[in-house]
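Here is the structure we will look at, set down as structure tokens.
The values are calculated or read from the model by the stated rules, or taken from the named source; none is laboratory data. Keep in mind that this is a model prediction, so the values were computed, not measured. Cβ placement follows ideal geometry from the backbone for every residue including glycine, while neighbour counts extend to all protein chains displayed. Each accessible area value is taken on the protein alone, full model and side chains, heavy atoms only, with ligands, DNA and RNA left out. Shrake-Rupley method; radii C 1.70, N 1.55, O 1.52, S 1.80 Å.
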Amino acid sequence: QAKLVESGGGLVQRGDSLRLSCVGSGRTFSGSIMGWFRQAPGKEREFVAAISGYGDREYYPKSAKGRFTISRDNAKSTVYLQMNNLKPEDTAVYYCAASEMVRGNMANAGIYKHWGQGTQVTVSS
């Protein structure tokens, strides 16, 4: 079973940057799709970014493309989310997720079977 632990969230101002990290464990980490989702108070979970098992493909929604970058270092069992030019609307709890799949619809939360505890990102105006 995969276990995921996120870190790197915090309180920042509009235009600042943050790098989130997610350290995983388990046999399925290295070859499986990894994703980042976020959820703001009173809002539904929203897809942020995903990366294929060996980092050859990345996928982003329009709201993140150009500002956010997902990457992974399988030797360290870690996936990252670099967030630049942060906006107040980016404020949310950010969750790391592992799919246990080597391919699929990376924006579909249903393919992710393991989730981290979340890390809070707050962007002030």
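Worth pointing out:
- Failed criterion for residue 97 (all others in (1) open to solvent by less than 10 Å² (accessible area, probe 1.4 Å); (2) within 23 Å of residue 15 (Cα to Cα) hold): (2)
- Within the stretch 109-119, the set of residues being open to solvent by 40 Å² or more (accessible area, probe 1.4 Å), within 15 Å of residue 32 (Cβ to Cβ) and in contact (Cβ under 8 Å) with a residue 24 or more places away in the chain comprises 113, 115.
- Qualifying residue in the stretch 12-21 (condition: over 16 Å from residue 86 (Cα atoms) and either touching a strand residue (DSSP E or B) at 6+ places or on another chain (Cβ under 9 Å) or open to solvent by 30 Å² or more (accessible area, probe 1.4 Å) (or both)): yes
- The residues listed here are 91, 122; of these, the one that is in contact with a Leu (Cβ under 6 Å, 6 or more places away or on another chain) and open to solvent by 30 Å² or more (accessible area, probe 1.4 Å) is 122.
- Which listed residue is within 13 Å of residue 20 (Cβ to Cβ) and not small (Gly, Ala, Ser), from 54, 80, 59: 80
- Number of residues in the stretch 63-82 that are among the hydrophobic types (A, V, I, L, M, F, W, C), open to solvent by 30 Å² or more (accessible area, probe 1.4 Å) and touching a strand residue (DSSP E or B) at 6+ places or on another chain (Cβ under 8 Å) equals 0.
- Filter result (closer than 11 Å to residue 2 by Cα, modelled with pLDDT of 80 or more and either part of a loop (DSSP other than H, G, I, E, B) or among the aromatic types (Phe, Trp, Tyr) (or both)) within the stretch 21-35: 32
- Residue within the stretch 34-55 that is farther than 18 Å from residue 116 by Cβ and under 11 Å from the mean Cα position of the chain (by Cα) present: no
- Scanning the stretch 75-92 for residues that are within 14 Å of residue 35 (Cα to Cα) and either among the β-branched types (Val, Ile, Thr) or more than 11 Å from the chain's Cα centre (by Cα) (or both) yields 77, 78, 79.
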